[in-house]
1. From the phi angles alone, apply the Karplus equation (6.51, -1.76, 1.60; θ = phi - 60°) to region 400-405 and give each ³J(HN,Hα) in whole Hz, x where the residue is Gly or Pro.
2. So for each of 560-566, 112-118 I average, over its residues, the number of other beta carbons within 10 Å; can you give me the resulting order with the highest mean first?
3. Under 5 Å between amide hydrogens, which residues at least 5 positions from His74 or on another chain qualify, with H placed 1.01 Å from N in the peptide plane?
4. So, by mean Cβ neighbours within 10 angstrom, what's the order for 192-200, 541-549, 518-526, 641-649 with the highest one leading?
5. Give the Kirkwood hydrodynamic radius (Å, one decimal) of the chain, defined as one over the mean of 1/r across all pairs of different Cα atoms.
6. Where the centroid of each part is defined by its Cα atoms, how far is region 619-665 from region 279-310 in Å?
7. Search the structure for amide H atoms under 5 Å from the amide H of Thr84, placed 1.01 Å from N in the peptide plane, and list their residues when 5 or more places away or on another chain.
8. Contact order normalised by length for region 322-480, with contacts defined as Cα pairs under 8 Å and 6 or more residues apart; what percent is it?
Amino acid sequence: MDEKLRIEQLRKELHEHNYRYYVLNQPTIGDQDFDLMMKELQDLEAKHPELYDANSPSQRVGSDLQSGFQQVTHRYPMLSLANTYSEADVRDWYESVKKGLAGEDFEVCCEMKYDGLSISLTYEKGRLTQAVTRGDGVHGDDVTANVKTIHSIPLILPGTGYPDEFEIRGEILMPWSSFERLNKERETAEEPLFANPRNAASGTLKSLDSRVVAQRQLDAYLYYLLGEQLPADGHYENLEAAASWGFKISQGMRKVRTVDEVMDFINYWDKERKNLPVATDGIVLKVNSLNQQRSLGYTAKSPRWAIAYKFKAEREATRLLEVTYQVGRTGAVTPVANMEPVQLAGTTVKRATLNNEDFIRSFDLHIGDMVYVEKGGEIIPKIVGVNIDERPIIAQQVQFIKKCPECGAPLVRYEGEAAWYCPNDAGCPPQIKGRIEHFIARKAMNIDSLGPETVDEYYRRGLIKNVADLYDIDVQQINGDGSRTKSAQRIVNGIQKSKEVPFERVVFALGIRFVGETTARLLARHFKTMDALMGAGLEELQEVEGVGEVMAKSIISYFHNEENLRIVNRLCNYGVQMQLSESQMMPASEKLAGQSIVISGVFQHHSRDEYKLLIEQNGGKNVGSISSKTSFILAGENMGPSKLEKAQKLGIRIMNEDDFLDLIK
Ligand code: IVH
């Protein structure tokens, strides 16, 4: 067969199989056959670049073409909905609609409120031409390349009868199953976990590499059709039509007339949503007729014809089996509830943090208690109550331990702190290992040839007792039995390479209590050398932004500890960076000399911290709040409204990223 025809045929068939699999859930061929067809198409397309089609099924695998996102102005602004939390609110809304329509009959369309991020898709002549995020509601990011990797979004509509041009809006979601898999992978790779599928979906969609998006398996449900020539006056009917064109629409969508039926729908899905593959956080109610929607109109922020009812956080009862205790790298002891496994908001829950002793007391927790666990927007569940009526007769009250579960040292509680600590920082294994793990972490010394398991092994074998020991180990020591020379060499190389890691990350890597990444950077820039930082007094330390008395005392106490001094000294002798690099010491220019600059909003080209550095390197000063002394505001997207107002009042210039970068070029 002619290769051009074969390409066309493969494209058509692959679109069809994709739709059957991802939208209808009724595949007719196996994965292997699908992959074979895709491979054939990709090979043929590579051979015939002149037959390129932006909407070919092969475009769904993503590409490594990196591009920042283009800003696009929405043709119709993307509004949000007013939220309600109670039956009374729903009834009030229903009454206000009734009044607004002066007694006319009306229908309400009830649908799921998906908890992802909203997207607006434009189709022209049945082809997806643009996908834009909500952004600030007026402008959004063009994320078309990433959206194309989402299989349930049709690139070319398989159905018929659609208008020449229309927009369809909906929610992009990461299904629970993909979310759990992703977080497991991140846990293994020691990367920070996503708190919930919404954050994961949003982080994924904003990735500049569409191959990452393709791997993460996002899904999409569409719930709002916009355009000049829509098929019907009913929102429900329009979505049904959209389903026939090839879109995945809200599950369980229903049209009702009375407010009691609305409440039945809400109550049904409040329980049933547990069985959905994606996160939902409420029900959206919309007046069905578009004509009636128009006559009800909008308030400043949201339509009067629609409302969101938010579910209460999911809560389940389960039995408390045991309280165990974890010792962190700072010695803080955290109690953990171990419970009978229970299904909660899409995942199985068997552990919950109990925070501290006071928290346990406040519930008068007993082993064997029926506890209520709740999951708000986060992955870590909380205990929110106890059902005392179900307490077993012989239940033992939970007593917070008095000794460290790891090393046996008596615990101490410092003034003003809720946590108990193991004070044996020099001899308590999880503290020692925790400090080493912190030291090697990506944001610290970035020794990625080592991981928690290797740290644990070397600690047990007596090779390392502190972070300085890392620089002493050699290939022979690691490679005790001689079987792993290659990997041992890789580990040693990784450790040696960390000597190039910049000073600010070294300060962070020391693991001084309360000193996070940002403060470490600010301390490094302020003091410039480890010697200066070590010699700094209470007042001097507090001159640094974000350093208060507690942190300053913690820094001083760290450098008063003999063991710590020995370690820092050894690190210095091994060649670890103990001062800012020359280029950091020297300002790049004096272009911003004498200027006070406020940074606000979210940026595309550099992170906020990088902008701070650029300001400093060009002789300027980054300040936190706007005053009459502010020279200008470096503003990204979504600058806070109060800042904007203040800037306008004081007549302070607002500069965008590009102009700023031009200025210091
Ligand atoms: S309709 C003008 N329907 O919830 C009405 N929104 O504040 C446009 N959402 O930003 C929205 N599920 O991202 C609509 N079935 C649904 C929805 C839904 C989730 C999101 C949407 C919007 C937010 C409401």
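The numbers here are math on the coordinates, done by the rules we state, and not lab data. Fair warning: this is a prediction, and the values are worked out from it, not measured in the lab. Cβ coordinates were reconstructed from backbone atoms using ideal geometry, including for glycine residues, and neighbour counts include every protein chain displayed.
1. 5, 5, 9, 10, 4, x
2. Highest to lowest by the protection proxy: 112-118, 560-566.
3. Residues meeting the criterion, in which the H sits 1.01 Å from N, are His139, Gly140.
4. On the way: 192-200: 18.3, 541-549: 15.0, 518-526: 20.3, 641-649: 13.2.
With the highest mean Cβ count within 10 Å placed first, the list reads 518-526, 192-200, 541-549, 641-649.
5. Values: mean 1/r = 0.0340 Å⁻¹.
It is 29.5 Å.
6. 37 Å
7. HN-HN under 5 Å from Thr84: Ala308, Tyr309, Lys310.
8. Numbers: 242 pairs, mean separation 29.6, N = 159.
Once normalised by length, the contact order is 19 percent.
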